[in-house]
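The values are calculated or read from the model by the stated rules, or taken from the named source; none is laboratory data. Since the structure is predicted, the reported quantities are computational estimates derived from the model, not experimental observations. A quick note on method: Cβ atoms are made from the backbone with ideal geometry, for glycine too, and the neighbour counts reach across all protein chains shown. With ligands, DNA and RNA removed, areas are computed over all heavy atoms of the protein, side chains included. Shrake-Rupley method; radii C 1.70, N 1.55, O 1.52, S 1.80 Å.
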Amino acid sequence: MSHVLVIFQADTEHTEQLALAVGVGAVEAEAGIRLRRLRKPGAAEIGHKGYGTLREADLLWADTIVVGLEDERSETEEVDGLLAALADLNPAQMVGKTAWTFGIAPSKTEAQRVVDEALLAAGLKPFPAEATEVVDATERMKDIGRQLGRQPV
């Protein structure tokens, strides 16, 4: 069974819904998932509560790490915490693992580029998500989640 960790930064339910769609798709492909929300201390909960705090154990557990970013800027408290967690990893422990990022903008944002670089530095390789013909954003994310969930371990 493949393990997919979905980490997302969200102050709106839209980004949360996209992250959840990736998780649903992965579960449909019979993968195990963990959902973690990056949030500022004291930030209000959105949608569902109790995503838990990102820990090194989550990163080590995952075969694939998905990061959804809502803010286009890379210098935010939430992204800083993720970058610190990735920097603390031993790249030898991450060999063979893949990563994929998504954002709310049509093209890669500054935040995505910075996180992509940190994921590469941590030893993960980019996941080549296949383009999908589906127009609906939620269904497109479920399709990608299914691709991620089918990754060999």
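In this structure, Trp61 qualifies as more than 12 Å from the chain's Cα centre (by Cα) and within 20 Å of Leu124 (Cβ to Cβ). The residues of region 25-64 that are open to solvent by less than 40 Å² (accessible area, probe 1.4 Å), modelled with pLDDT of 90 or more and of a type in the set (A, V, I, L, M, F, W, C), listed by number, are Ala26, Ala29, Ala31, Leu35, Leu54, Leu59, Ala62. Remark: pairs (first residue in region 11-24, open to solvent by less than 10 Å² (accessible area, probe 1.4 Å); second residue polar (S, T, N, Q); Cβ separation under 9 Å; 6+ apart in sequence or on different chains) = Thr15/Gln9; Ala21/Thr138. Of all positions in region 69-89, at least one carries a residue that is small (Gly, Ala, Ser), more than 18 Å from Glu13 (Cα to Cα) and part of a loop (DSSP other than H, G, I, E, B).
Across region 95-139, the number of residues qualifying as aromatic (Phe, Trp, Tyr) and either in contact (Cβ under 8 Å) with a residue 60 or more places away in the chain or more than 14 Å from Val67 (Cα to Cα) (or both) comes to 2.
Scanning region 118-138 for residues that are assigned to a helix (DSSP H, G or I) and at pLDDT 95 or above, we see that the one that is farthest from the chain's Cα centre (by Cα) is Ala121. Take the residues in region 65-103 that are among the β-branched types (Val, Ile, Thr) and surrounded by fewer than 19 Cβ atoms within 10 Å (Cβ to Cβ); name whichever of them is modelled with the highest pLDDT. Among those residues, the one meeting the criterion is Val95.
Look at (1) under 21 Å from Thr15 (Cα atoms); (2) surrounded by fewer than 20 Cβ atoms within 10 Å (Cβ to Cβ) and you find that Arg150 fails only one, number (1).
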